[in-house]
Amino acid sequence: MIVGYARVSTRSDEQAISIEAQVQQLAAAGCERVIQERASAYREDSRRPGWEELQALVASGRVSKVVAVSQSRLSRREDITGFLRICSRKRVEVQFLDGTPGDIADPAARLMTGVMATINEVDSQIKSINIKNGLQRRKAAGYYACGRVPFGYRYDGQHVVIHPEHFAEAQVLWQRLKDSEFNLTNTIRVHDYDWSVRGLRRWIQNPILRGIISTQSVPVEPLISLQDYADAMAIIGRRKETGTRTPRVRRLFSAVVRCCGCRRMMQYATVKTRLRLKCMTFRCSCYGRGIAEHRVRDQLIAALESCAEQLARAAATPPPAGPPTPEQQTLQRRLDALLAMQHDGQAGLEAAIRDLQQQMQAPAPSAPDWSSLAAVLARPGVLRLASDEELRPLLLEFVDEILYIGNPHTVEIRLRQGPGRNPP
């Protein structure tokens, strides 16, 4: 079998033409099978499944000839010599379409192969150094020079600014995510967005949406506040802790009430036109048993009303300082790197260092003012008239856990004492 190998360094769309051209050349050279790959042939930590597949095919003895456009497409390191040695031992012919010899049995060809491998490796090192130096120069000059600009913003050649057309659309996207409690899959499906779940998750976590750009001295208008981001991360983190997904049909107690037997979330079921929360874990002692939704609702309202003053007092006491957030740790690492470069004599870093220091000194996002809700919670009848859509935000904010204890009439409700505090 004649096998061709086509490779480009990155997954960017700009290199799609290059790999297609390689495939056409390899097909014209008589290749029965062409392995395509988008990965670096220079980085040691870059995993190349296509390259591993090619080596396995050669070792199996099913390949009679290997064809590539050039030696650099196979590898940009000196390990190419080992691959050619295996091909020579297996009597596999190696052909490079640019005319470079591939048979290391000939001393002159082996010397040429070694020289070309060294040239390719040095060329990759020079390109890597030039790219890193260029990024550092742009960062030191206060320009944005790392990563793609998120949806809602654009790069004007010097700085990141809001996109005049897409910024409003990005605000609508965030509001829709918030309304769905950051159910990414459902938001994409309902509103027919051309997003992947992974891409949408990375967009949510992009610091530029909060106006944070450590490599740019000019501030940018934030799409969301720090509190909006903290609320989003709290909802997503709570879902990870419970190991549940946001249901397609969101009800008042969806993914909230937990069974005491299996510690899994109770599921909604309709019994005689009335909604009940039931345990659906087959091996649990509470399997098939549950409690009516209206009973849990009544007990939730009673618990909120009775603990209104306690919640207000707890809110008046500031929560204890917690460990640094991942974002704060990232900012500290960047600041340490810039200070080390400045200590080594790198000039022009003052603006970037000053911007990072200002971000680290920025006040933490303020917690919700629970004291203003105390009077509302304590007023009889107000919460009973509220709809499920109005009650659910209070439920997620105030309640730490609702536990089904096997009693069809009563649940155990644990309220939070305040932001960042353990429940009673």
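Tell me which of these THR185 doesn't satisfy, since it passes every other one: (1) at pLDDT 85 or above; (2) buried (at least 19 other Cβ atoms within 10 Å of the Cβ).
(2)
Residue under question is ILE80, and the condition is that it be of a type in the set (A, V, I, L, M, F, W, C), in contact (Cβ under 8 Å) with a residue 12 or more places away in the chain and over 28 Å from SER128 (Cα atoms); does it hold?
When the stated conditions are applied, ILE80 does not pass them.
Enumerate the pairs (first residue in segment 381-408 and within 18 Å of ARG264 (Cβ to Cβ); second residue anywhere and buried (at least 17 other Cβ atoms within 10 Å of the Cβ) and aromatic (Phe, Trp, Tyr)) with beta-carbon separation below 9 Å, excluding pairs fewer than 6 apart on the same chain, so at least 6 apart or on different chains.
ILE402/PHE253
Which of (1) of a type outside the set (Lys, Arg); (2) touching a Leu at 6+ places or on another chain (Cβ under 7 Å); (3) assigned to a loop (DSSP other than H, G, I, E, B) does THR10 not meet, given it meets every other one?
The failed condition is (2).
Return the residues of segment 90-135 that are more than 12 Å from ILE80 (Cβ to Cβ), basic (Lys, Arg) and either touching a residue at least 40 places away in the same chain (Cβ under 8 Å) or surrounded by 12 or more Cβ atoms within 10 Å (Cβ to Cβ) (or both); say none if nothing qualifies.
Within segment 90-135, LYS90, LYS127 meet the criteria.
Of the residues in segment 196-210, how many are crowded, with 17+ Cβ neighbours inside 10 Å and either free of Cβ contacts under 8 Å to residues at least 60 places away in the same chain or touching a Lys or Arg at 6+ places or on another chain (Cβ under 7 Å) (or both)?
Residues in segment 196-210 being crowded, with 17+ Cβ neighbours inside 10 Å and either free of Cβ contacts under 8 Å to residues at least 60 places away in the same chain or touching a Lys or Arg at 6+ places or on another chain (Cβ under 7 Å) (or both): 7 in total.
Residues in segment 211-226: is at least one without any contact (Cβ under 8 Å) to a residue 60 or more places away in the chain, part of a helix (DSSP H, G or I) and surrounded by 13 or more Cβ atoms within 10 Å (Cβ to Cβ)?
no
Output the strands (runs of 3 or more DSSP E) that fall wholly within segment 15-121 and possess 1 or more residues being among the aromatic types (Phe, Trp, Tyr), or say none.
Here the list reads 93-96.
Any idea which of ALA315, ALA351, ALA321 is modelled with pLDDT under 80 and outside any helix (DSSP H, G or I)?
Being modelled with pLDDT under 80 and outside any helix (DSSP H, G or I) holds for just one of ALA315, ALA351, ALA321, which is ALA321.
Within segment 42-63, how many residues are touching a residue at least 24 places away in the same chain (Cβ under 8 Å) and among the polar types (S, T, N, Q)?
So the count comes out to 1.
Just checking, how many residues over segment 67-89 are of a type in the set (Lys, Arg) and surrounded by 15 or more Cβ atoms within 10 Å (Cβ to Cβ)?
Total meeting the criteria: 3.
The values are calculated or read from the model by the stated rules, or taken from the named source; none is laboratory data. Please read all numbers here as calculations on a predicted model, not as lab measurements. Positions of Cβ are generated from backbone atoms using ideal geometry, with glycine treated the same way; all protein chains shown enter the neighbour counts.
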